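Contents: one structure, followed by commentary.
The values are calculated or read from the model by the stated rules, or taken from the named source; none is laboratory data. For clarity, every value in this text was computed on a predicted model and none was experimentally measured. For neighbour counting, all protein chains shown are included, and Cβ atoms are generated from backbone atoms with ideal geometry for every residue, glycine included.
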Amino acid sequence: MTTMTAHRPGSAHVCHHLPCCPGSTAPDRDAALVVSAHPEQGWSLLCNGIVSFDDTGELLPDGQAIAPHRPTDRFAA
């Protein structure tokens, strides 16, 4: 079992690798490295503290849920 430091809301995002991952509030937050993958359960934990689900939904470190989204969603009128 691996112990990880929790990313608390408002805390500084710190990566232990270079280049650093985008923070959990950055527009490209999905580009963070996967630190724990669970494909059998449909989710992965990203370096920036986000839980990313296979359906493209997300759970942010502050507890906010992001509904599943597709790249084409932002172009819909």
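Mind checking which pairs have a first residue in the stretch 50-65 that is acidic (Asp, Glu) and a second that is surrounded by 12 or more Cβ atoms within 10 Å (Cβ to Cβ) and in a strand (DSSP E or B), Cβ under 6 Å, 6 or more apart or different chains?
GLU58/SER52; GLU58/ILE66
Quick check on my filter: what residues within the stretch 60-69 are in a loop (DSSP other than H, G, I, E, B) and either among the charged types (D, E, K, R) or out of contact with any His (no Cβ under 7 Å at 6 or more places or on another chain) (or both)?
Listed by number, the residues that qualify are LEU60, ASP62, GLY63, GLN64, ALA67, PRO68, HIS69.
May I ask you to list the residues in the stretch 24-35 that are within 20 Å of HIS69 (Cβ to Cβ) and aliphatic (A, V, I, L, M)?
Residues satisfying the conditions are ALA26, ALA31, ALA32, VAL34.
Please go through the stretch 46-59 and pick out each residue that is surrounded by fewer than 18 Cβ atoms within 10 Å (Cβ to Cβ) and assigned to a strand (DSSP E or B).
Scanning the stretch 46-59 gives VAL51, PHE53, LEU59.
Out of HIS7, HIS38, I need the residue that is over 20 Å from ARG70 (Cα atoms), modelled with pLDDT under 95 and either of a type outside the set (Phe, Trp, Tyr) or in contact with a strand residue (DSSP E or B) (Cβ under 8 Å, 6 or more places away or on another chain) (or both). Which one?
HIS7
Of everything in the stretch 13-45 that's in a loop (DSSP other than H, G, I, E, B) and among the small types (Gly, Ala, Ser), which residue is surrounded by the most Cβ atoms within 10 Å (Cβ to Cβ)?
So the residue we want is ALA32.
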